[in-house]
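I have placed the structure first, in the form of structure tokens, so that the comments after it can refer back to it.
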Amino acid sequence: MELSDFYPSPRRLIESELTVLNHLRSDPYIKEKHSQFAQDAGTYYGRNRDNYSRGFEFFSYFDISHVPMHRQKANGGGQGRRTPNVRLTVGALIRLKNGAFSNVTYSFSVCRPIKGFPILRKFHFDVAVTNDETERRLQQHPRCHLQYCGKMVPHMVTMGCRQTQLDQLHPWLSEPRIFFWPMSLALLIDMVLHEFPDDRSKKFRASSEWRGLVRKQEALVLQPFYQKCVDVIVDTRGKNQTLADEFYVG
């Protein structure tokens, strides 16, 4: 199965991501509540728009007040104040070579907003785009997958995260790579704010403008993927294949 059988072209995907950044850089909620995120959205929008043929990159973060962590602090004798107590990083990297994908990955981490930014969780969502000899020597893995931990994102080091903290999550262990739907920027941000909500972010996610962007990326990225899954499961051509047969590569 070719990547193009269920995944958008580089141009369509990057154009969609640029549309998301263009919205985030001027959205009232993002500008007021997460001004650094809005600023980064504007900066990366300009960079990516001017270097369209090279790919796409984005990195920023949300500082959130997460109620369960406040409860944990209160149970441990702290005051449980409702100040931001978690930093959620969001990253996207799309690299192109000769007009084709050479790397597609989206990352998400949960850190404490204190000195050194201790890393509590780190995930990334990959699309395996090559089938060269190097990959064929490695263990097979799903073409689209979710992976726990992984390597340090360089922007996280710039932010202040330490490799020694990531090492506690055992990034050397790549398995399991969990079969997962393809990710995009709007889908990732929407998931992050859904998992770490507050009253304002709920209103942001419910706005017609944001929901429209999410639905467009669902149609662009998810609909062809799920249609491919349905085609395999229905097995109308009598191939007796499983999803693993189709989506594992290497």
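For Leu120, the residues whose amide H sits under 5 Å from its own are Val110, Cys111, Arg112, ignoring neighbours fewer than 5 places away on the same chain, with H placed 1.01 Å from N. Could you compute how fast the range 1-67 diffuses translationally, taking Rh as the Kirkwood radius over C-alpha pairs and applying Stokes-Einstein at 10 °C with viscosity 1.306 mPa s? Give it in µm² per second. Translational diffusion coefficient: 120 µm²/s. Net charge of the neighbourhood of Lys228, taken over other residues with C-beta under 9 Å away and scored Lys/Arg +1, Asp/Glu -1, is -3. Only aspartates and glutamates eight or more places from Lys228 in sequence, or on another chain, were considered; those with a Cα closer than 12 Å are Glu2, Asp5, Glu246. Computed from point charges on the beta carbon alone (+1 for Lys and Arg, -1 for Asp and Glu), the dipole magnitude for the range 82-185 about its Cα centre is near 440 Debye. Here the range 80-124 is assigned +1 on the Cβ of each Lys and Arg and -1 on the Cβ of each Asp and Glu. Its dipole about the Cα centre then comes out at about 240 debye. Within a straight-line Cα-Cα reach of under 20 Å, Lys202 can be paired with the following lysines, leaving aside sequence neighbours fewer than 8 residues apart in one chain: Lys31, Lys33, Lys216. Only the Cβ atoms of Lys and Arg (+1) and of Asp and Glu (-1) were treated as charged; on that basis the dipole of the chain about its Cα centre amounts to roughly 900 debye.
Across the chain, the mean sequence separation of Cα contacts (distance under 8 Å, 6 or more residues apart), normalised by length, yields a relative contact order of 17 percent.
Restricting the calculation to Cα atoms, the chain shows an Rg/Rh of 0.98 when the hydrodynamic-style radius is the Kirkwood one. Across all directions, the average projected area of the convex hull around the alpha carbons of the range 163-208 is 5.2 nm².
Highest mobility in the GNM of the chain, judged by mean-square fluctuation with C-alpha springs under 10 Å and restricted to Ala92, Ala41, Ala206, is found for Ala206. In this structure, the amide hydrogen of Ser102, modeled 1.01 Å from its nitrogen in the peptide plane, lies closer than 5 angstrom to those of Arg95, Leu96, Lys97, counting only residues at least 5 positions away or on a different chain. Spin-label model, Tyr29 to Arg11: label points 7 Å out along the Cα-to-beta-carbon direction sit 3.4 nm apart. Ranking Leu146, Leu213, Val157 by Cα position along the charge dipole of the range 123-250, where only Lys, Arg, Asp and Glu carry charges on their C-beta atoms, puts Leu213 farthest toward the positive end. In straight-distance terms, cross-link reach from Lys151 covers every one of the lysines whose alpha-carbon lies under 17 Å from its own, apart from those fewer than eight places away in the same chain; here that gives Lys122. The residues of the chain expose, per residue, 54 Å² of accessible area to a 1.4 Å probe. Note on the range 100-250: with neighbouring protein chains present and a 1.4 Å probe, carbon and sulfur make up 54 percent of its accessible heavy-atom surface.
For the range 124-250, the relative contact order is 32 percent, taking Cα pairs closer than 8 Å that sit 6 or more residues apart in sequence and dividing their mean separation by the residue count.
The values are calculated or read from the model by the stated rules, or taken from the named source; none is laboratory data. Owing to the predicted nature of the structure, the values given are computational and were not obtained by experimental measurement. With ideal geometry, Cβ positions are generated from the backbone for all residues, glycine too; neighbour counts draw on all protein chains shown. Accessible surface is based on the protein model in full, side chains and every heavy atom, while ligands, DNA and RNA are left aside. Shrake-Rupley method; radii C 1.70, N 1.55, O 1.52, S 1.80 Å.
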